[in-house]
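Asks: Below is one structure. I have some questions about it.
The values are calculated or read from the model by the stated rules, or taken from the named source; none is laboratory data. Worth saying up front: this structure is predicted, and the values here are computed from it rather than measured. Backbone-built Cβ (ideal geometry, glycine too); neighbour counts: all protein chains shown. The accessibility values were calculated without ligands, DNA or RNA, using every heavy atom of the protein model including side chains. Shrake-Rupley method; radii C 1.70, N 1.55, O 1.52, S 1.80 Å.
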Amino acid sequence: MLYRGRRLRKSAALREMVRETKLLPEDLVMPYFVLETERSNVRHPVASMPGQFQLSPDALEETVGAAVDAGLRSCILFGIPEKKDPVGSMAYAENGIVQQAIRRLKKCFPLLHVITDVCLCEYTSHGHCGLVSPEGEIHNDSSLRLLADTAVSHAGAGADMIAPSDMMDGRVGALRAALDEKGFASVPIMSYAVKYASAYYGPFREAAGSAPQFGDRKSYQMDPANRREALREARADAEEGADILMVKPAGPYLDIIRGVSETFDLPVAAYQVSGEYSMIMSAASHGWIDRDAVMLESLISVKRAGAGIILSYFTQEILQRGILS
Ligand code: PBG
Ligand code: ZN
């Protein structure tokens, strides 16, 4: 037998030597939910996402500090405001919860790369990612101004990178122009370029309190059945000035990650979303799967598919337990 695949699988050292994909601490981005509250030291567990919390700003600082000590390079922030209204005013308020959190984190951890999710759904009373017209439709162009204001206010507070997740048409161009005009030409945009209308976001909506109060997101997020459309979406964002293209969710969309990474020469990110996390956590809690092994396998698969940047709720634990080294 000339070819014996098993020859290269004989020892751990050899397997490591021929390993094609490696997960590195710098690949990982940790999402955090920051809660606007008068109280301090709040760590409110998210029932649908065991191990994840809504954190008051002081608790966020402490949690992030532990992660930074363990090697965390980057995080992405989601805000839970005290008050919501139809136009999502607190998304772009000077003293909004995310703006406060950015200032605090950048002051305590200047080397931490702080990304912000730019969207309106956590701040609007109707829970949609854009403005709602009197006819009950999600209005595209009037939402762009508010999204751009949000991006500019995040950058003004010190955000290192802006990640628009709303899926309105033209938002990358609108954000780029607004950021450039306000003196933030060097702040990169990581666009949720290919974002599906996925049922895997279910647990997140509990974590961020952002479930739509009527209808669904199918008029702006993509149909899970579509692959070629993903390339059109990615192309539009690339042409509008996106610096990094994100695909979301990750695990169920590995073919899409591969397609985007082979078609475009921009860095590719993928978001292992709440439902992916919760399914692993829940099966593991029954003892049906080996949690650590599945956690790492799920992430290496995303990287192997072509994403060099991975947003995952497992990030903090992986770093703190030093499982990668
Ligand atoms: C906001 C946003 C969502 C997620 C990231 N940004 C929710 C949604 O679009 O409904 C999902 C993240 C996750 O499920 O972990 N638009
Ligand atoms: Zn949204």
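Asks: Sort out for me the Cα centre separation of region 171-194 from region 201-233, rounded to whole Å.
Replies: If you average the Cα positions of each part, the centres end up 22 Å apart.
Asks: Could you do me a favour and compute the accessible area per residue for region 22-320, 1.4 Å probe, result in Å²?
Replies: In whole numbers, region 22-320 has 40 Å² accessible per residue.
Asks: Then there is this: Evaluate region 203-251: find the radius of gyration of its Cα atoms, find its Kirkwood radius, and give the ratio Rg to Rh.
Replies: Ratio value, two decimals: 1.03.
Asks: With 31 Å as the limit, write out which pairs from Lys84/Lys182; Lys106/Lys248; Lys107/Lys218 have Cα-Cα distances beyond it, or answer none.
Replies: Numbers: Lys84/Lys182 26 Å; Lys106/Lys248 27 Å; Lys107/Lys218 39 Å.
Flagged as over cut-off: Lys107/Lys218.
Asks: Still on this structure, please answer the following. Only four residue types carry charge here, +1 at the Cβ of Lys and Arg and -1 at the Cβ of Asp and Glu. Report the dipole size of region 264-325 about the Cα centre in Debye, rounded to the nearest 20.
Replies: Here region 264-325 has a charge dipole of around 40 debye.
Asks: Out of all DSSP beta bridges with both ends in region 22-320, state the antiparallel percent to the nearest 5.
Replies: Here the share of antiparallel DSSP bridges comes out near 15 percent.
Asks: From the helices alone, meaning DSSP H stretches of at least four residues, give me the mean residue ellipticity at 222 nm for the chain, per-run term -39500 (n - 2.57), in deg cm²/dmol to the nearest 500.
Replies: For the chain, the value works out to -11500 deg cm²/dmol.
Asks: Tell me, what % of the accessible area of the chain is carbon and sulfur with a 1.4 angstrom probe?
Replies: On the way: 7650 of 14620 Å².
Answer for the chain: carbon and sulfur cover 52 percent of the accessible area.
Asks: Pop the C-beta distance of Gln213 and Glu94 into the FRET formula with R0 = 25 Å and round what comes out to the nearest 0.05.
Replies: Efficiency for this residue pair is about 0.40.
Asks: Over the chain, what is the relative contact order in percent, taking alpha-carbon pairs closer than 8 angstrom and at least six residues apart?
Replies: Answer for the chain is 18 percent.
Asks: Still on this model: In whole Å and largest first, what semi-axes does the C-alpha gyration tensor of the chain yield when each eigenvalue is scaled by 5 and square-rooted?
Replies: 32, 23, 19
Asks: Report the trypsin sites (Lys or Arg not before Pro) located in region 6-36 that are in a DSSP loop and have at most 15 other Cβ atoms inside 10 Å of their Cβ, or state none.
Replies: Qualifying residues, ordered by number: Lys10, Arg19, Lys22.
Asks: Sticking with this structure for a sec: Quick one, what does Rg over Rh come out to for region 79-191 if you take C-alpha atoms and the Kirkwood Rh?
Replies: Rounded to two decimals, Rg/Rh equals 0.97.
Asks: While we're looking at this one, here's another question. On a 0 to 90° scale, report how tilted helix 291-305 is relative to the longest principal axis of the chain, with both axes built from alpha carbons and the result rounded to the nearest 10.
Replies: 80 degrees
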